[in-house]
Amino acid sequence: MDIPSRYEPGKAESKWYKYWIDNGFFKSIPDEREPYTIVIPPPNVTGVLHMGHMLNNTIQDVLVRRARMQGKNACWVPGTDHASIATEAKVVAKLKAEGIEKRDLSRDEFLKHAWEWTHKHGGIILEQLKRLGASCDWDRTLFTMDEKRYDSVIKVFVDLYNKGLIYRGVRMVNWDPQAMTAVSDEEVIYTEEKSKLYYVRYKIVGEDGYVTVATTRPETILGDTAVCAHPDDERYQHLKGKKVIVPMVNREVPFIFDSYVDPEFGTGCLKITPAHDVNDYEIGIRHKLPTIDVFNDNGTMSLAAGLFIGVDRFKAKILAEKELQKIGSLVKIEDYNNKIGRSERTNSVIEPRISLQWFLKMKNLSQPALEAVINDDIQIHPAKFKNLYRHWMENVRDWCISRQLWWGHRIPAWYYDNTEFVVAENISEALALAREKSGKSNLKESDLRQDEDVLDTWFSSWLWPIAAFDGINNPENKDIEYYYPTNDLITAPEILFFWVARMIISGYEYRGQKPFSNVYLTGLVRDQQRRKMSKSLGNSPDPLKLIEKYGADGVRVGMLLCSPAGNDLLYEDSLPEQGRNFANKIWNAFRLVKSWQIDDNIKQPASSEIAVKWMNEVLKKSIDEIDTNFNKFRISEALMTAYRLFWDEFSGWYLEIVKPEYQKPVDRITFDATISIFDKLLRVIHPFMPFITEEIWQYILERKDGESIMITIMPVPEQFNNKMIAGFESVKETISAVRTVRKDKNIPNKENIDLLIHSEMDSYNVEFLPVINKLCNLSGVSFVSEKIEGAASFMVGTIEYFIPLNGNLDVEGELTKIRADLDYNRGFLASVMKKLENKRFVENAPASVLELERKKKSDAELKIKSLEERIEELKSL
């Protein structure tokens, strides 16, 4: 078989991905096997592949491929999210570039453009995931606004409304002036920012005096309807029942008292703007104050403001400062650090506004979801996020679910008689309800007007694990009964509440059970300066270019090598480069093995026989470690175990032992054993590196069409011989020490040497001597009862070894080396004695730990004694 000298990732990736698709290896239908299910966190339909997607989807693919190889019916459901705010913004920008304004279009005309844009761009990110090797069941690809998912969302809204959990009301909401919609509390990110504190005078009506108020927002003075102090603040008691004049607009407003005010902040006097501050809003309700909304939807000043009409709010702040200075009302300005709320979607500064919105009552609805995580029915990895989850859920607020957009699931409420409304799944049901509720049997569909708002995007994605299998519309269908609950969810900590908690809530509400058993939270991908990767910073590499340069397997390994759950990954190009180097290492090892000529007539060497036994034990132990790591969601650690198994144990030691001498053949038994070991290694590595493992697996033995490594069975943990593995570690030390002596004494590797072992032959493990003999190029091995003069020496454990130097011993050099070894062992013994002399340690440590420490003590003492004796011998030469 003609094996290329170099592995070419690009060719292999396109070839094998097509082969997997053509053979239907990713497809899943319910059968008698145990299901393993993951639903993809649906990327925004606006999105293209970024580094966070690469990490998240690599982990998902590793878990899915591994489950498939464990004989489970693995189903990975792909899909995209309609992303109301982001998509509408993209479509508005596209239309603007074409000279079309959204306001000039009807809703239907705009939606036609939005659907066209979605059909054109919506599948890009899923196609990019294929380049990574994602083994999704592409026949199941979903979209949060496809027909079944759309109907599911509407059905749930109607159900929750009928249960009394959804209501419509006027509340203070977070308004995003850029997206021109309300957003939920969870979609507001607070950051510490440099600001200014303005001290402004308000004239007291009927007096010459003033009160001074400190504010960060002089532009909202135009909406003030009161000034307030704390009831116990003696400084302002004389103002009870008085009024003050709002500067710039000369409006008389009452001076009131409320315990909310902090007497220590600013002047202890607070301006009250109920329309634009959540706390002022609450004070306004308590004191029955009017509200004046000074902003338009887009953040410009409204007619109600009376000044700066149509001017952007930030420019209005500057104009307000100038006006206050001009009229003599500005006392002073101080620098001030302030917490500013920004929209998670647009980064626009949030404007608190009173608005008529739809809300979902969350307190009782969320209780089962809180208990599920607290009781570990659902486990979060890493567990440190459990307390954060608890805090959120114990302090949950009603969810503002309406958005002032056109793209999304339109709220299924129909109005008649101006303000009266009914909620129904469609207009015909709404008409029947409206006739019944109003008593007007002559109402027609044309008399009904559907609510203009759409639902928050999260209101569709919170149903994702259920809606993925059409479990809302058809709650007893085969798919939902088989695949739900799903197994694992891989996502990011920042959407633990946005998405994860809400999916758990809907799971208990609509299926009576959890939606998944494990939540694995990845960290953020950051640059070496710990900055979050972003286009604006220019610090985010193009994932597809990385795949072209390093290969998909190289990138996958690079992303996973240093990304333990919940910890940020500090990306640099050396990571995928390390992954590519590993792929090349596997390829070169494979080419080496396949280059050997086989002779069926030669006997297996003793060194190869023991190497095969040892390698199989190491393989069993590593498989057990990998399995344990996967069970604990230590996926990076599982990869590192596989990496070291191949690089160090198989390539570094096993192949060195069993490879035949130059231009000589290998025996059949060793070759077949090596191919068998290689096959197991490929299967262990396949979930991490699917392409190169498939390429080699197809080469390593003759395969039939339709066979693939991805549908073979993953090696399972077995009992392993720890004694043999530990024994071989001593062999490694011995071989390394002999090689060091050769190097230090300039003894060529081709030159045979003798190795003398200061030990009784009966008490020495001779099983590995053939390996030492071969790798050290020994002319012979002898056991001696006395120390050898004029020889280089070293110790492994408590056994001393000698290599005769035929009068060429550098006594001073040897003494220096032995003294350094002696110092190390004395230090080691001191650290062991510190533990054994600690009464608390001795009383509380398990018996096995104490036994190990005592063995360390006796071994160190023996070694020290031997080294001291050797020093005395060398001194006498």
Given 455-464, 2-11, 319-328, the highest-first ranking by average Cβ count within 10 Å works out to 455-464, 319-328, 2-11
Given a Förster distance of 41 angstrom, what is the FRET efficiency for Asp31 paired with Gln379, based on the Cβ-Cβ distance and rounded to 0.05? 0.90
Based on Cβ point charges of +1 for Lys and Arg and -1 for Asp and Glu, what charge dipole magnitude is obtained for the range 505-654 about its Cα centre, in debye rounded to the nearest 20? 440 debye
Would you mind calculating the relative contact order of the chain from Cα pairs under 8 angstrom and at least 6 residues apart, reporting the percent as a whole number? 12 percent
Which of the GluC sites (Glu not before Pro) across the range 778-877 are loop residues per DSSP, with 10 or fewer other Cβ within 10 Å? Glu786, Glu837
Taking all protein chains in place and a 1.4 Å probe, what share, in percent, of the accessible surface of the chain do carbon and sulfur account for? 48 percent
Hey, with R₀ at 60 Å, roughly what FRET efficiency would Asn298 and Ile669 work out to, going by the Cβ-Cβ distance, to 0.05? 0.15
In nanometres, the difference between 0.36 nm per residue of separation and the alpha-carbon distance of Tyr260 and Arg644 is 132.1 nm
With +1 on the Cβ of every Lys and Arg and -1 on the Cβ of every Asp and Glu, and nothing else charged, how large is the dipole of the range 278-435 about its Cα centre, in debye rounded to the nearest 20? 420 debye
Please give the per residue accessible area of the chain, computed with a probe of 1.4 Å over protein heavy atoms only, in Å². 46 Å²
As straight-line cross-link partners of Lys787, the qualifying lysines (C-alpha separation under 18 Å, not fewer than 8 residues apart within one chain) are Lys817, Lys863, Lys865, Lys875
Using a 7 Å offset from the Cα along the Cα-to-Cβ direction at both Asn395 and Thr798, what is the distance between the two label points in nm, to one decimal? 6.1 nm
Whole-number percent relative contact order across the range 237-318, with pairs defined as alpha carbons under 8 Å at least 6 apart: 14 percent
Calculate the length of the line joining the C-alpha centroid of the range 158-204 to that of the range 676-752, in whole Å. 60 Å
Excluding same-chain residues fewer than 8 positions from Lys163, which aspartates and glutamates have a Cα within less than 17 Å of its Cα? Asp398, Glu425, Glu509
Determine which aspartates and glutamates satisfy two conditions relative to Lys680: a Cα distance under 17 Å, and not lying fewer than 8 residues away in the same chain. Glu617, Asp624, Glu625, Asp627, Asp648, Glu649, Asp672, Glu694, Glu695, Glu702, Glu707, Glu718
Going by average Cβ density within 10 Å per residue, which order do the peptides 497-510, 816-829, 305-318 take, highest to lowest? 497-510, 305-318, 816-829
Gain on full stretching of the segment that runs from Asn23 to Glu116 - 0.36 nm per residue minus C-alpha separation: 30.2 nm
Greater than 22 Å apart at Cα, pairs in Lys834/Lys856; Lys315/Lys532; Lys11/Lys620; Lys514/Lys632; Lys732/Lys856: Lys315/Lys532; Lys11/Lys620
Asp705 to Lys478: FRET efficiency via 1/(1 + (r/R0)^6), r the Cβ-Cβ distance, R0 30 Å, to the nearest 0.05? 0.45
So, in Å, what gap is there between the alpha-carbon centers of the range 487-519 and the range 408-436? 31 Å
Between Ile3 and Asn584, what is the spin-label point distance in nm, taking each point 7 Å from the Cα along the Cα→C-beta axis? 1.7 nm
Contour minus Cα-Cα distance for Ile598 and Ser782 (0.36 nm per residue): 62.9 nm
Order the peptides 778-785, 209-216 from the highest to the lowest mean number of other Cβ atoms within 10 Å of their residues. 209-216, 778-785
Given charges of +1 on the Cβ of Lys and Arg and -1 on the Cβ of Asp and Glu, with all other atoms neutral, how large is the dipole of the chain about its Cα centre, in debye to the nearest 20? 1280 debye
Please give the Cα centre distance for the range 311-378 versus the range 82-123, rounded to the nearest Å. 28 Å
Write down the percent of antiparallel bridges among all DSSP beta bridges whose residues are both part of the chain, to the nearest 5. 70 percent
Ranked from the most accessible area to the least, with a 1.4 Å probe and all protein chains present, what is the order of His119, His276? His119, His276
Relative contact order (%) - criterion: Cα under 8 Å, at least six apart; region: the range 647-794: 19 percent
Computed label-point distance, nm, for sites Arg739 and Asp447 using a 7 Å Cα→Cβ extension: 9.2 nm
With a 1.4 Å probe and every protein chain left in place, tell me how much accessible area Ser446 has, in Å² to the nearest 10. 90 Å²
For the chain, what does the helix formula give at 222 nm: sum of -39500 (n - 2.57) over DSSP H segments with n ≥ 4, over the residue count, nearest 500 deg cm²/dmol? -13000 deg cm²/dmol
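The values are calculated or read from the model by the stated rules, or taken from the named source; none is laboratory data. Quick caveat, the model's predicted, so the values are computed rather than measured. Please note: Cβ atoms are built from the backbone with ideal geometry, for glycine as well, and neighbour counts cover all protein chains shown. What goes into the accessible areas is simple: the full protein's heavy atoms, side chains included, and nothing from ligands, DNA or RNA. Shrake-Rupley method; radii C 1.70, N 1.55, O 1.52, S 1.80 Å.
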